[in-house]
Amino acid sequence: MTIIYPGSFDPPTNGHLDIMRRAAGIFDQLEVVIADNPRKTYFFSAQERLTMIREMVADLSNVRVTLWQGLVVKYAEKIGVRIILRGVRALADFDYEFELSMMNRALNPKIETIFLTTDQKYFVLRSSAIKEVALFGGDFSEMVPPVVAKALRGRVQERKT
Ligand code: ADP
């Protein structure tokens, strides 16, 4: 069974990677789908996020990483997949995730959303907070994989000059 894990992943964190590893251990095939919304501004371009995630999952042979502009359900329909995976941390995530899953179900009732709860090690990891930590010179090396830490350092340096 194939499952889709969509997200912005801006940047991908150790929390995302943990969800990817666990899902790859349960399902036959995992499709990580990077949202590329032209109306949004990202810290890292779609191509940069793609390159980082591909490197993060290089040791997982049943994981594919793709870019997608548009609704996730459309991508699921296109490749014939019926399950969307999302991760949840605290209760604060739940409202948003619940609504999103209702919206996706309204768009296509055949597609189900399932959730994996975070590992407590990654409970507080949030892409937006990591960008703040990076911009204010904090240490984020334990929060993201090495490839992401390197890219973050580079991006922060560029913004300074
Ligand atoms: P969004 O798609 O809403 O922009 P993200 O790209 O930040 O969200 O995350 C993609 C998915 O991974 C979401 O379901 C989010 O709740 C989940 N996620 C993010 N960080 C973690 C974490 N530390 N542990 C578990 N799940 C997470």
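For region 63-72, state whether one or more residues are under 23 Å from Asp119 (Cβ atoms), open to solvent by less than 80 Å² (accessible area, probe 1.4 Å) and within 15 Å of the ligand (Cβ to nearest atom).
Yes; the residues of region 63-72 include at least one that is under 23 Å from Asp119 (Cβ atoms), open to solvent by less than 80 Å² (accessible area, probe 1.4 Å) and within 15 Å of the ligand (Cβ to nearest atom).
Could you please let me know if Thr113 is crowded, with 17+ Cβ neighbours inside 10 Å and either hydroxyl-bearing (Ser, Thr, Tyr) or within 16 Å of the ligand (Cβ to nearest atom) (or both)?
When the stated conditions are applied, Thr113 passes them.
In region 42-56, which residues are within 13 Å of the ligand (Cβ to nearest atom) and of a type in the set (Ser, Thr, Tyr)?
Within region 42-56, Tyr42 is the sole residue that qualifies.
Restricting region 13-35 to residues that are in a loop (DSSP other than H, G, I, E, B) and within 14 Å of Met1 (Cα to Cα), which is farthest from the ligand (Cβ to nearest atom)?
Among residues in region 13-35 that are in a loop (DSSP other than H, G, I, E, B) and within 14 Å of Met1 (Cα to Cα), the one farthest from the ligand (Cβ to nearest atom) is Asp28.
Test each condition in (1) away from the ligand (no atom under 13 Å from the Cβ); (2) surrounded by 12 or more Cβ atoms within 10 Å (Cβ to Cβ); (3) in a helix (DSSP H, G or I); (4) of a type in the set (A, V, I, L, M) for Ala106 and report the one that comes out false.
Checking Ala106 against (1) away from the ligand (no atom under 13 Å from the Cβ); (2) surrounded by 12 or more Cβ atoms within 10 Å (Cβ to Cβ); (3) in a helix (DSSP H, G or I); (4) of a type in the set (A, V, I, L, M), the one that fails is (2).
Considering only residues of region 132-161 that are of a type in the set (A, V, I, L, M, F, W, C) and not in a helix (DSSP H, G or I), which is surrounded by the fewest Cβ atoms within 10 Å (Cβ to Cβ)?
Let us first name the residues in region 132-161 that are of a type in the set (A, V, I, L, M, F, W, C), namely 133-136, 140, 143-144, 147-149, 151-152, 156.
Adding the requirement that they be not in a helix (DSSP H, G or I) leaves 136, 140, 143-144.
On the way: Phe136: 8, Phe140: 21, Met143: 23, Val144: 26.
Among those that are of a type in the set (A, V, I, L, M, F, W, C) and not in a helix (DSSP H, G or I), it is Phe136.
Kindly indicate whether Ala76 is modelled with pLDDT of 95 or more, under 22 Å from Tyr122 (Cα atoms) and among the small types (Gly, Ala, Ser). Step through it out loud before you land on a result.
On the way: modelled with pLDDT of 95 or more: yes; under 22 Å from Tyr122 (Cα atoms): no; among the small types (Gly, Ala, Ser): yes.
It is false that Ala76 is modelled with pLDDT of 95 or more, under 22 Å from Tyr122 (Cα atoms) and among the small types (Gly, Ala, Ser).
Identify the single condition in (1) touching a residue at least 24 places away in the same chain (Cβ under 8 Å); (2) within 29 Å of Gln120 (Cβ to Cβ); (3) touching a strand residue (DSSP E or B) at 6+ places or on another chain (Cβ under 8 Å) that Met56 does not satisfy, given that it satisfies every other one.
So Met56 meets the others, but not (3).
Do you know which of the residues in region 40-54 that are β-branched (Val, Ile, Thr) and under 14 Å from the mean Cα position of the chain (by Cα) is least open to solvent (accessible area, probe 1.4 Å)?
Checked region 40-54; the qualifying residue least open to solvent (accessible area, probe 1.4 Å) is Ile53.
Going through Val81, Val57 one at a time, which residue ends up being surrounded by 15 or more Cβ atoms within 10 Å (Cβ to Cβ) and over 18 Å from Met143 (Cα atoms)?
Only one candidate passes the filter, namely Val81.
The values are calculated or read from the model by the stated rules, or taken from the named source; none is laboratory data. These numbers were taken from a predicted model, which means no experiment stands behind them. FYI the Cβ positions are ideal-geometry reconstructions off the backbone, even for glycines, and counts take in every protein chain you see. Keep in mind that these areas ignore ligands, DNA and RNA; they rest on the heavy atoms of the full protein, side chains included. Shrake-Rupley method; radii C 1.70, N 1.55, O 1.52, S 1.80 Å.
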